[in-house]
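Taking it in order: structure first as structure tokens, then the write-up.
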Amino acid sequence: MEEKLSHEQIIDNDRARVDSLHHRLSTASNVAGKGGLLDVSIPAHTGNLLSTGNYIVNVGIGTPKQDFSVVFDTGSDISWIQCNPCNHCYPQKDPLFDPAKSSTYSSISCSSDECTQLDSHSCSAYGKCRYDVKYSDNSTSTGNFGSDTLTLSPSDLLPNFMFGCSDSSSGIIGRTAGLIGLGREKSSLISQASPKYGAVFSYCLPSLSSSTGYLSIGSGGPLPPNVQYTPMISYASDSSSYYVKLVAIKVGGMKLDISQTVLSAAGTVMDSGTVITRLPQAAYSAMRAVFRQHMTNYTAAPALSILDTCYDVSGRGKIKVPAVALVFDGGASLNLGFDGIIYGGSSQACLAFAGNTKADEVSIIGNTQQRKFTVVYDISNQRIGFGAHGCS
């Protein structure tokens, strides 16, 4: 029987994810392909039924293709799935990928450029490339780095797609088969697909398990007319993540008194794999104070993991909350709906934001705040866009 994670389990897993991001970004080749003419869009769903707070798509790997449910993640570059034989694999819903059953699978030499460009690689006894992804929460994926045909849709195949074939993994992505990396490094799906589709992708994350969003790759399809763009910021110390400049926060239509120095001290990253948005502590404290002023008609409830502003909404029917907007450089704004402001269930509702613990930790715009928006990553033109009402 499929088990859904509780809200608290999702938040606790999210803490480990954010610890990993903060660790990587504190130790911090932009890839911008030519605009293509093709595009492909595949359905995206919440990962609740596969015990993850991340979002998933179904892809095929190999010839004949073997189908898998995988997390897609803008905060990662290397794509990987668990493979047979496996020395240490976590339980997953789908059968393990068997490269021996694919006529198009190839190993990659450990002396190749494709191997040596990986952040962490080694050689097997047979001269094959080995990859090793480690996160600061001690979750890992290790295995052979190879290539095979990736099927995104029946008519959209990407031959020679390079990915990790994991024979040892542990992590916090539930019972999915693995991960598709959408970062900016050369090993990511977006970088590998850019010669065919262009260096553009977009997605819309649905708010409910019963709803369907999408992940779209390519610049050939029309974008919604209501997309507002903000410049994408590049840092030499981190060529993988998608940085933007957060310039203001509004609660109840009022711009909070937060200095630009506080908001931009460590930068702001868009991340589809983080659930709860993290803000500088001073910014979060200002937001929390004004939010609480608007919520005096509700009884305070105990904290839910890191979410410290919660209310008892048992039997209250429709909950009224103040509007919240995240404003970015250039005027683009995430005008959040209820699903982007509140996290919780039928009896407890919590403000879906948290403060960083250190002043030098990067701010992260998580997937709760991105729900229902079309989010466009236009790498070619170095900009990120937001469009309301992208999905339900």
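The values are calculated or read from the model by the stated rules, or taken from the named source; none is laboratory data. As the structure is a prediction and not an experimental result, all values here were calculated from the model. Every residue, glycine among them, receives a Cβ derived from its backbone with ideal geometry; neighbour counts consider all protein chains shown.
When the residues of region 175-200 are narrowed to those that are of a type in the set (Gly, Ala, Ser) and not in a loop (DSSP other than H, G, I, E, B), which ends up nearest to ASN84 (Cα to Cα)? Here the answer is GLY178.
So, in region 58-84, of the ones that are of a type in the set (D, E, K, R) and crowded, with 21+ Cβ neighbours inside 10 Å, which residue ends up nearest to SER272 (Cα to Cα)? Residue satisfying both the conditions and the ranking: ASP73. For VAL244, the stated conditions hold: it is under 17 Å from GLN369 (Cβ atoms), surrounded by 14 or more Cβ atoms within 10 Å (Cβ to Cβ), in contact with a Pro (Cβ under 8 Å, 6 or more places away or on another chain) and modelled with pLDDT of 95 or more. Only one entry of THR63, THR52 meets the criterion of being among the polar types (S, T, N, Q), at pLDDT 95 or above and assigned to a loop (DSSP other than H, G, I, E, B), and that entry is THR63.
Pick from ILE249, ILE319: which is closer than 25 Å to ASP360 by Cα and β-branched (Val, Ile, Thr)?
Working: ILE319 fails: closer than 25 Å to ASP360 by Cα.
Being closer than 25 Å to ASP360 by Cα and β-branched (Val, Ile, Thr) holds for just one of ILE249, ILE319, which is ILE249.
For region 278-312, give me the residue count where each residue is among the hydroxyl-bearing types (Ser, Thr, Tyr) and touching an Asp or Glu at 6+ places or on another chain (Cβ under 9 Å). Residues flagged as among the hydroxyl-bearing types (Ser, Thr, Tyr) and touching an Asp or Glu at 6+ places or on another chain (Cβ under 9 Å) within region 278-312 amount to 3.
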